[in-house]
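Asker: Okay, handing you the structure first.
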Amino acid sequence: MRHCSKWLAAVVLLSTLTGCWGAREIEHMVYPNTFGVDYKDNKVYVYLQFISFSGVAKTESGESNKEETFYVGKGEGGNIDEAIFNLYASSQQRISWSHLKSIVITAPALKQGLIVQLVDLFDRYYEFRYTQWIMATHQSLDEVFSTPSNVDMSIVYSQLNNPKDSYSQSSWIAPLYLHRFIWMNNEKSYTVLLPLIKVDKDRWYRNDTASPRIIVDGVCVMYNRSYTGDLRGGAMQGIRWMEKKTERTPLNVASEGKDLGMLVVENLKNEVKSTIEDHKPYFDVYITGEANIPFLLQTTSEHKFKEAAEHEIARQVKESYAAGVDIGGDVLHLADNLLREKPEEWHRLKRTREFPLESDSLRSVHVNIRIKSAGISKMRIH
């Protein structure tokens, strides 16, 4: 009788447990890896890129070279939330946001201030994280989201979803996490440099056919939470010398109109010293680093090569600074140094003008690069 009572009590207790009855099988849900926001014709458009996890598994195990299948979903509405629910209506399964890896926002959406809606959306829903990469583009998101990765690899490992790998090999514009973007965008003195991507159709080919790839094309500059413009080409080259995340970056060295060779610079460090004179801010920048010489095109002395390289780095820094000031952005983050070292002076400047820097605020750039090795070319340096 005692045993029967125990079994009965156990059955009653077990019947009150819910277990995992409400759980969903992973194959019954879809997992977007990239989220996009666009604005055109007075409407907000959201894009989702989905991939097949079976394709990722086969790529990692080496079992298949079949081209990966991925899908792009699109919704529209008066705001981001409405556009997402418009997309939900056509989804065949529940959408899980927990595996989102990157966010792409177009320049028109930035101009419209939709970045505020985007951050608010991530704040309100527990499924969203703040560890996605965030970037911008001027191109159609249909085209960006439909661009495959390299050499039969999953798009999970593309520039769109994993920019850190290529940046560690050749550092130009630092990739940006969403959580860093949020705190930078909230800092009054800080200029946010949002990586600008585009689809490049001229560098990669597959069986003699052009194979488009996503590349970083520059930066979208945001100051005081507003989009002010872009820097591309030569105007963006000086940013890397002031970026603390720069790991290794190439530099073409020339003197008197002749190419001398190339440097690969590593272990970059920089220091900014700020002063106030006649109620105006001035900055002196000091850059140090180490470098290797992959190849030489001209026989030259190490001193001449080093001097030409340092001069070119200083020129690029000044050019990027000037280009940033022209569009109302502190792309070298000099004002942030002034705020930390002389907050009272910075606040005084901000009371008299919205943007505290002038074209001559960067007073000097001092560069010292130590050449560690010339590799197989070392016998040509004398």
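Asker: Please verify whether LYS66 is modelled with pLDDT under 60, surrounded by 15 or more Cβ atoms within 10 Å (Cβ to Cβ) and over 25 Å from the mean Cα position of the chain (by Cα), treating the condition exactly as stated. Walk me through how you get there before you give the answer.
Answerer: Details: modelled with pLDDT under 60: yes; surrounded by 15 or more Cβ atoms within 10 Å (Cβ to Cβ): no; over 25 Å from the mean Cα position of the chain (by Cα): yes.
No.
Asker: Take region 82-99 and flag every residue that is under 20 Å from the mean Cα position of the chain (by Cα) and at pLDDT 90 or above.
Answerer: Those that are under 20 Å from the mean Cα position of the chain (by Cα) and at pLDDT 90 or above: none in region 82-99.
Asker: Looking only at residues in region 275-306 that are free of Cβ contacts under 8 Å to residues at least 12 places away in the same chain and of a type in the set (D, E, K, R), which one is surrounded by the fewest Cβ atoms within 10 Å (Cβ to Cβ)?
Answerer: ASP278
Asker: Going by the conditions given, is PHE305 assigned to a strand (DSSP E or B) and either in contact with a Lys or Arg (Cβ under 8 Å, 6 or more places away or on another chain) or at negative phi (or both)? I'd like the intermediate steps shown before the answer.
Answerer: Details: assigned to a strand (DSSP E or B): no; either in contact with a Lys or Arg (Cβ under 8 Å, 6 or more places away or on another chain) or at negative phi (or both): yes.
Considered against the rule, which asks whether it is assigned to a strand (DSSP E or B) and either in contact with a Lys or Arg (Cβ under 8 Å, 6 or more places away or on another chain) or at negative phi (or both), PHE305 comes out as no.
Asker: Residues that are touching a Lys or Arg at 6+ places or on another chain (Cβ under 6 Å), of a type outside the set (A, V, I, L, M, F, W, C) and either over 26 Å from ASP230 (Cβ atoms) or surrounded by 14 or more Cβ atoms within 10 Å (Cβ to Cβ) (or both): does region 357-380 have at least one?
Answerer: no
Asker: Out of the residues in region 188-212 that are charged (D, E, K, R) and assigned to a strand (DSSP E or B), which is surrounded by the fewest Cβ atoms within 10 Å (Cβ to Cβ)? Spell out the reasoning first.
Answerer: Taking region 188-212 as the starting set, the residues that turn out to be charged (D, E, K, R) are 188, 198, 200-203, 206, 208.
With the extra rule that they be assigned to a strand (DSSP E or B), the set shrinks to 198, 200, 206.
Working: LYS198: 18, ASP200: 17, ARG206: 12.
The selected residue is ARG206.
Asker: Specify which of the listed residues (LEU268, LEU260) is surrounded by 17 or more Cβ atoms within 10 Å (Cβ to Cβ), more than 21 Å from HIS333 (Cβ to Cβ) and touching a Ser or Thr at 6+ places or on another chain (Cβ under 8 Å).
Answerer: Details: LEU268 fails: more than 21 Å from HIS333 (Cβ to Cβ).
On inspection, the qualifying residue turns out to be LEU260.
The values are calculated or read from the model by the stated rules, or taken from the named source; none is laboratory data. Please read all numbers here as calculations on a predicted model, not as lab measurements. Cβ sites come from the backbone with ideal geometry, for glycine too, and all protein chains shown count toward neighbours.
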